[in-house]
Structure formats: C-alpha cells, structure tokens
Amino acid sequence: MSGVILKVAGVNFHLVEFKQAEVKPGDAVALMPDPTNAYDPNAIKVVKRGLHIGFIPRGWTADVREALEDGFIVVVESCTARGCAIRFVAPEDTI
C-alpha cells in the first residue's frame, strides 16, 4: 500500500468537523474501525484532532486494515475546502 492515495469518502456529511480539524497536506490522520456503522460494519473512520472527518472508501477497508497492522501511517496528501486525499506511508519510509 505504500504510496497509495485514496480520496476520503463522506466528507460532505462531516464538513463542520473537517473545517474544525484544519486539515492540511502533510498532517497525520488516525484511522478507526466503526463497527456500529449502520451502512457498513467494516467501515473505517478518518479522524484528525479527535474529529471524525470522513471514511475510507468502501472496498478498500480490508487492504487498509492489513496496512495498519503492518505499521503503515497515513498522511494528508491534498486538500480542498470540501475534502481531502490521504496517502499511506510504509514504516521503512518514515524517519
């Protein structure tokens, strides 16, 4: 998954939190399982500064869970006023 870039899904439902989190390129974000999600029990939330800003796109959750188990970190790649993309960085690529 090193170098994989994903657009964060569902930001339009979390715009207030997205703006409050002041998301910008290079920021680290946390990924948290959301097993009580009514639409997808495999959902993974994207969180910054404790604020839920969106989700990992459906269909990528299994790969993302494996990457997290392998120690990958996740950083913001790019942003607009209405969303962002995140990039996965392998542990060996961090300092």
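Computed values, structure above
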| item | result |
| --- | --- |
| Gained length - VAL75 relative to VAL47, 0.36 nm times residue gap less alpha-carbon distance | 9.0 nm |
| Selection from ILE44, VAL89, ALA67 lying farthest towards where the dipole of the chain points positive, charges on Cβ | ILE44 |
| Inverse of mean 1/r across different Cα pairs in the chain, Kirkwood, Å | 13.2 Å |
| Contour excess over end-to-end distance, with Cα ends at LYS7 and ALA62 and 0.36 nm allotted per residue | 18.2 nm |
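Every number in this text was worked out from the coordinates using simple rules, so none of it is lab data. Bear in mind the structure is a predicted one, so any value in this text is a computation, not a measurement. Glycine also receives a Cβ, built like all others from the backbone with ideal geometry; neighbour counts cover every protein chain displayed.
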